[in-house]
Amino acid sequence: MSIKLTSRQVGDVTVIDAAGRLTLGEGASAFRDYIRDLAAKGNTKLLLNLSEVSYIDSSGIGEMVSGFTSVTNNGGQLKLVGLSKRVKDLLQITKLYTVFEAFDDEAQAVRSFHH
Amino acid sequence: MAGVDKAEELAMDEAAKLGLGEDERQQFGMAVRECTVNAVVHGNRYSNKKKVHLEIQSSNESLIVIIGDEGDGFDMSALPDPLAPENLLRQSGRGLLLVRAFVDEFDLHPRAGGGTEVRIVKHLLKS
């Protein structure tokens, strides 16, 4: 199974619900295109919901970083919600917890865009 | 890339037979996956004329996986540190960092006959 991506609006925040595996190949490239497309359409408040993502490898992490850079370069923000313990561990090992703002609760994450 | 999934699956199956817990299985499987991806992408440079060699050895004490490629060799010291602040936003370069985090032993050396070989070990008996 690869990655499935859908988006919804919560106020002016675009929540991207990801499900499946974010790994090298189809999953990572689909993710890259999806984030870049949203950023290009002017979405500046993006919240990536990873609660249904079962697996991320180093390529998937690379795409998350690339997405973060794309959104930031367009003047936007990309934040994370719903990280499993495994994904939290990956962010710790790679020190990317210093880059990504991550939340356990979606409502709290959405509010954080307006502070 | 089907071979990458297969290598990971074989390693995880062996880890399951040896009684490793789910987290350890998945971590070891990811280590095998990252090494196999490196062999295909950086070692063999996607050449379908070159093979990736996979060997799994298990005992009561350890699970060992050896992954070899037929590439031009690899200088690990030339890799940028993925944890350096200036490299944190690089898209790639984290694979071996994860491998080292998830295994008990990691060794990378030239492969007999050309290419690079990586040997990763998970100890089964904790002291």
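Per the listing A:G76, A:G62, A:G82, the residue uniquely facing chain B (nearest Cβ under 10 Å), in contact with a Ser or Thr (Cβ under 8 Å, 6 or more places away or on another chain) and touching a residue at least 24 places away in the same chain (Cβ under 8 Å) is A:G62.
Conditions tested, residue by residue: (1) at pLDDT 95 or above; (2) touching a Gly at 6+ places or on another chain (Cβ under 9 Å); (3) charged (D, E, K, R); (4) over 22 Å from B:R33 (Cα atoms).
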residue: A:V13; (1), (2), (3), (4): yes, no, no, yes
residue: A:E26; (1), (2), (3), (4): no, no, yes, no
residue: A:L48; (1), (2), (3), (4): yes, yes, no, yes
residue: A:E52; (1), (2), (3), (4): yes, yes, yes, no
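Looking at the structure I just gave you, is A:L90 among the hydrophobic types (A, V, I, L, M, F, W, C), away from every other protein chain (no Cβ under 12 Å) and either in contact with an Asp or Glu (Cβ under 7 Å, 6 or more places away or on another chain) or crowded, with 18+ Cβ neighbours inside 10 Å (or both)? No: the conditions fail for A:L90. Every condition in (1) in a strand (DSSP E or B); (2) more than 14 Å from every other protein chain (Cβ to nearest Cβ) holds for A:V110 except the one numbered (1). Somewhere in segment A:73-87, is a residue closer than 18 Å to A:D17 by Cβ, assigned to a loop (DSSP other than H, G, I, E, B) and within 11 Å of the chain's Cα centre (by Cα)? Within segment A:73-87, one or more residues are closer than 18 Å to A:D17 by Cβ, assigned to a loop (DSSP other than H, G, I, E, B) and within 11 Å of the chain's Cα centre (by Cα). For beta carbons closer than 6 Å, sequence separation of 6+ or different chains, a first residue in segment A:14-35 that is away from every other protein chain (no Cβ under 12 Å) and under 15 Å from A:S51 (Cα atoms) and a second that is modelled with pLDDT under 90 and in a helix (DSSP H, G or I), there are no qualifying pairs.
Considering segment B:62-103, the residues that are in contact with a strand residue (DSSP E or B) (Cβ under 7 Å, 6 or more places away or on another chain) and surrounded by fewer than 16 Cβ atoms within 10 Å (Cβ to Cβ) include one that is modelled with the lowest pLDDT, namely B:M76.
Annotation: A:F68 fulfils all but one of (1) of a type outside the set (S, T, Y); (2) in contact with a strand residue (DSSP E or B) (Cβ under 7 Å, 6 or more places away or on another chain); (3) more than 14 Å from chain B (Cβ to nearest Cβ); the unmet one is (3).
The values are calculated or read from the model by the stated rules, or taken from the named source; none is laboratory data. What you see is a predicted model, and the numbers here were worked out from it, not measured in a lab. Every residue, glycine among them, receives a Cβ derived from its backbone with ideal geometry; neighbour counts consider all protein chains shown.
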